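One structure below.
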Amino acid sequence: MSSDYEISDDENEYYDEEDDEMEVDYDDGSASEIEVDAFGDDFKVAVRSERKLYEVDYTSLSQPEIEKIMQTDVDHISGIFGVEPAVAAQLLRHMNWNKERLIEKYMDNASSVAVAAGVELPPREPTPPPPKASSSRLSSTGPQRTTRRTTAENLKSSPKSKRTTPLVEESKEFVCPICFDDTQTEFMSLICEHKFCASCWKEYITSKVRTEAECKIACMAEDCNIVALDPFVEKALGDDRETWTRYQELLVRQFVSCIPHLKFCPYPSCTHTVSCPSAATKSSLITMVPIVTCGASNTHVFCFGCPIDTDHRPVVCAVAKMWLQKCRDDSETANWIKSNTKECSKCQSTIEKNGGCNHMTCKKCKYEFCWVCMGPWTEHGTSWYSCNRYEEKNSVDARDAQTKSRASLERYLHYYNRWANHEQSAKLSMELYTKTEKKMEEMQVTSELTWIQVQFMKKAVDVVFRCRMTLKWTYAMAYYLASGNEKELFEDNQRDLERAVEELSELIEAPIDPETIMTLRQKVTDKTVYVQKRNEIMLEDTAKGYLEGRWKWNVTVEGFDSA
Amino acid sequence: MDARLRRVNKEIADCKSDKSSRVTIDLVDDNPFHLIGAFDGPEDTPYEGGRFQVDIVIPDNYPFQPVKMKFITKVYHPNISSASGAICLDILKDAWSPVLTLKSTLISLQSLLCSPEPRDPQDAEVAKHYMTSKSSFEKTARYWTMIYAGGPGEDGAGRPGKDAAKDEIAMAGLDRAHVAQFEALGFDRSKVIDVLRRMNYRGANVANINDDRVVEELLK
């Protein structure tokens, strides 16, 4: 694998001090001759015992675990308010799981919260409500208390057994006002006593959950705000366990979206959640890049702080977002401008040549020049086509001026091209995987190595892929870093990593010679360790920089002090 | 029998038996899920005397999803698109409830005609007209009712049968004098109407649209 990045021939190799810890005596020219015994067969660096500076503390939670957390909150509220768990759950959902606010508001005016949450009927005025209206839906025969204050207690006092059997009545005369099916015999209603047949309820809830992805099921009656509680929903859905499961998933999603330190795994059909309290606030995102992996699969890598669902270390979210936006907006245009236009050497207007001869006249300043050499036309006389005045001082100056005016565009494209190149190379690693697999099989045949022993190839490909992702993002970071010593140090790290990655890349693509296979193995293994180390230095150093507030940007970045 | 079909049949039958509301629902062809509803324009509104037709499509999981309705009859109303007949009404979207029926929804449309909500418009031009000059808006709405919904129109002015150009002006909700003023400058009448309507021109001193700007627009 090759890159268009040119490694300078500069002899002064720069390594920062972390480098000294390494036992590999790495040098550009003699890389192939190193005898390495320090690491043997092991990839020692790969074993991570404690958290690195660039890693973030998080836990992955499965759906049942989240449900358990929800249940704790529900039980807590249920205990404090003396209401049924299902009621407590609905109250919490209504207040977006903000327990403190719920408690505060509930203590202030229990009834208004309960009405707004759809667990209690709005007070009727001016006559006191008939006994049925203010009682819970669970029991119309239970002890009635007439004051509204005690409604919550009514809800609590209903025996548990009744909770799971919502009002199901046998009625010959009543016809469901939705389906008008007079053969329906089973009816259900919420505490508002709007009666509908069981099959309509089921249809309705299924439609809400399945097509609208809605977990708040309001009564079907017009303008009725009463919400169906979980036991009712489960009962109404009956044997449709699939919809019930979906309903529970929606509840979990609603909960997760309300809690700042939780985030749902964005990968399709994944139900895991990641909890990352240290990255829960916006201000924390300027000191860290919270890349997390959910427990379902180690390929489910995403950023906790922003919607980018890949590892964008070492760049913080705000800068990553700016860069991606810039790439979307500018890359095509910038490339087009670069390849199709030139600037007038006098007034710097951008000019596209869409036909005709090379004798150009700037529309704006009327400057006449040669499109080929950018020099003034007056020096060309009639022999323009040979452009024999190429080395003429004037045209050289003109080209210099052109170069200068293109500097910012060139600068952007410099970073963008390297960014895009690493991305492309990383994409090609899928191909490399299959190639490597073949190679590994080949090795088993041509040498005495076992399958386990040829794993080093696969490992190397993995490392190359990961480091290319890091490199890719370092170019986004470098584009926005303000120039200065810090940026130079950053770029040195970047260069060392890049060089190492390219060399490893080359090694794993090289043809296999049975004679030298052991040497190759040794070399790849050593290089892999080295690359990994360089990657860590890169990430570690940037992470440290964030914590120290060392990085200064050349633009204003959200959350940072202005540049 | 399919629950949806039973429900729709019942609704159509109910509507037929109820003569007092003057709301009708008819089949377009043999398909009971594509219907045409009709109701009278409410009294004491510019829509009085008109008969308004509504295209009704019953979705697959009706009544758990709202019906799709749009006006077939052209209506001049802030919450109804003057071009497509699309309706902006909450019960046709998230405030839908399965207990609502075709008839009750049509009656809601009728009451929408009584109480326009220009701050949440479907047709921005009409809404602007309504906000700038309610009387002028009502005049146009009445004219539309007369032309499209068979309403009586205003006594004297603008009865159908007069020349087509006059109708065009009234249709756009414009003042004849304004159109004539710019026509006199040598612009094509239909262009004048188009520009004035687009700019929502209600005279030079309303909404700071001076004559120069209109001419500028006309010259484009």
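Values quoted throughout were computed directly from the atomic coordinates according to the rules given, and no laboratory measurement underlies them. Remember, predicted model here, so these are calculated numbers, not experimental data. Every residue, glycine among them, receives a Cβ derived from its backbone with ideal geometry; neighbour counts consider all protein chains shown.
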Label-point gap, in nm, between B:Glu168 and B:Gln181 - each point 7 angstrom along Cα→Cβ: 2.0 nm
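Suppose R0 equals 45 Å; then what is the FRET efficiency for A:Cys347 and B:Arg189 from their Cβ-Cβ distance, rounded to the nearest 0.05?
The computed FRET efficiency comes out at 0.45.
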Assigned charges on the beta-carbon of Lys, Arg, Asp, Glu; region A:464-529 dipole about Cα centre (debye): 280 debye
Diffusion coefficient, µm² s⁻¹, Stokes-Einstein with Kirkwood Rh over alpha-carbon pairs of region A:260-311 at 25 °C and 0.890 mPa s: 223 µm²/s
Under 20 Å from B:Lys68, Cα to Cα: lysines that are on another chain or at least 8 residues apart: A:Lys208, B:Lys10, B:Lys93, B:Lys103
Selected from B:Phe71, B:Pro98, B:Ser81, residue furthest toward positive end of dipole (chain B; charges at beta carbon): B:Pro98
Two-site FRET efficiency, B:Asp120 against A:Lys427, from Cβ-Cβ distance with R₀ of 41 Å, rounded to 0.05: 0.30
Angle between chain B longest axis and helix B:3-17 axis [Cα atoms, degrees, rounded to 10]: 70 degrees
Extension gain (nm, one decimal) between A:Thr185 and A:Leu547, 0.36 nm per residue minus Cα-Cα: 123.5 nm
Taking all pairs of distinct alpha-carbon atoms in region A:411-548, Kirkwood radius in angstrom: 16.0 Å
When each of A:Lys326/A:Lys552; B:Lys16/B:Lys134; A:Lys68/A:Lys472 is checked by Cα-Cα distance, pairs over 30 Å: B:Lys16/B:Lys134; A:Lys68/A:Lys472
Reachable lysines, given that their alpha-carbon falls under 20 Å from the alpha-carbon of A:Lys353 and they are not under 8 places away in the same chain: A:Lys338, A:Lys342, A:Lys363, A:Lys364, A:Lys366
Relative contact order, percent, region A:290-341 [alpha-carbon distance under 8 Å, six or more residues apart]: 20 percent
Distance in nm between pseudo-label sites at B:Lys68 and A:Met518 (7 Å out along the Cβ direction from Cα): 7.5 nm
Cleavage-rule hits (chymotrypsin sites (Phe, Trp or Tyr not before Pro)) in region A:395-479: DSSP loop, at most 11 neighbouring Cβ within 10 angstrom: A:Trp451
Gain in span if fully extended, A:Thr403 to A:Ile308, counting 0.36 nm per residue against the direct Cα distance: 30.7 nm
Radius of gyration and maximum dimension Dmax of region B:45-101, Cα, Å: 12.5, 36
Set of lysines near B:Lys191 by C-alpha distance (under 24 Å), chain-local residues within fewer than 8 positions excluded: B:Lys74, B:Lys128, B:Lys139, B:Lys162, B:Lys166, B:Lys220
Cα-based Rg / Dmax (Å) for chain B: 20.0, 68
Unsatisfied cross-links (Cα-Cα over 21 Å) in the set A:Lys195/A:Lys235; A:Lys105/A:Lys282; A:Lys321/A:Lys533; A:Lys435/A:Lys527: A:Lys105/A:Lys282; A:Lys321/A:Lys533
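Can you compute the FRET efficiency between A:Asn354 and A:Thr450 using 1/(1 + (r/R0)^6), with r the Cβ-Cβ distance and R0 = 45 Å? Round to the nearest 0.05. Mind dumping the intermediate values first?
On the way: r = 64 Å, r/R0 = 1.43.
Computed FRET efficiency for A:Asn354 and A:Thr450: 0.10.
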